[in-house]
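**Student:** Quick one: structure below, then a few questions.
The values are calculated or read from the model by the stated rules, or taken from the named source; none is laboratory data. Remember, it's a predicted structure, so these values are computed and weren't measured experimentally. A quick note on method: Cβ atoms are made from the backbone with ideal geometry, for glycine too, and the neighbour counts reach across all protein chains shown. In case anyone asks, the SASA skips ligands and DNA or RNA and just uses the protein heavy atoms, side chains included. Shrake-Rupley method; radii C 1.70, N 1.55, O 1.52, S 1.80 Å.
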Amino acid sequence: MNTRLKELRKSAVPPLSIRAMAEELGIGHSRYAYFEDPKRFKKRELPLDLTRQIAAVLSRRGVEPADVMALAGLSDAEAEPEARAVEAARPAVTYFTVQAVMPSEAALAAMFETLLALIPAEASRAEAARILAQQLPVGFGAIGPAVIDAEMGATRPLGGHPPADAKDDRGQQPPSRN
């Protein structure tokens, strides 16, 4: 059971570290690691409530909930309704297209520099990626909102004038509005 739990966690897309899985479950990483360690967790089945939570996390990453529910010692007939409940609780995905304005290369570089400072030196690539993904909206928020100025053919901060180094999509300086 312990080995299968580890296999399922690693088969997620993208794979989850023990720490990331624990964070998704809202428990400490040593507590989650306990369930994957056959020397420490010697029971043949996982607790049902924990199994449901793990199934919900892994189902969002392409792992079949029924495979996870089997870890609770459920038969196929018992696991099927549990798996359907996990799938039904999964949020629906809505796709939409939106036009977005990207900040300048200099603003993005400054933002990424600030975000990279938040990553501990011992963080794995996966952990670093997760931290960056979580902080990216904050980083964009710090740059501030922008609007497309069709007359100038460039972007500018909302309620402000274009920065001195702003260039339009042809690489030319936009006209001054003063």
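**Student:** Which ones in segment 61-73 are free of Cβ contacts under 8 Å to residues at least 40 places away in the same chain and open to solvent by less than 40 Å² (accessible area, probe 1.4 Å)?
**Tutor:** 65, 66, 69, 72, listed by residue number.
**Student:** Another question, then. With the requirement that a residue be open to solvent by less than 70 Å² (accessible area, probe 1.4 Å) and of a type outside the set (Gly, Ala, Ser), what does segment 93-107 give you?
**Tutor:** Matches in segment 93-107: 101, 103.
**Student:** Would you mention how many residues in segment 108-125 are within 16 Å of the chain's Cα centre (by Cα) and surrounded by fewer than 14 Cβ atoms within 10 Å (Cβ to Cβ)?
**Tutor:** The number of residues fulfilling the criteria is 2.
**Student:** Out of all the residues in segment 83-92, is one or more without any contact (Cβ under 8 Å) to a residue 40 or more places away in the chain, open to solvent by less than 80 Å² (accessible area, probe 1.4 Å) and not hydrophobic (A, V, I, L, M, F, W, C)?
**Tutor:** Checked segment 83-92: at least one residue is without any contact (Cβ under 8 Å) to a residue 40 or more places away in the chain, open to solvent by less than 80 Å² (accessible area, probe 1.4 Å) and not hydrophobic (A, V, I, L, M, F, W, C).
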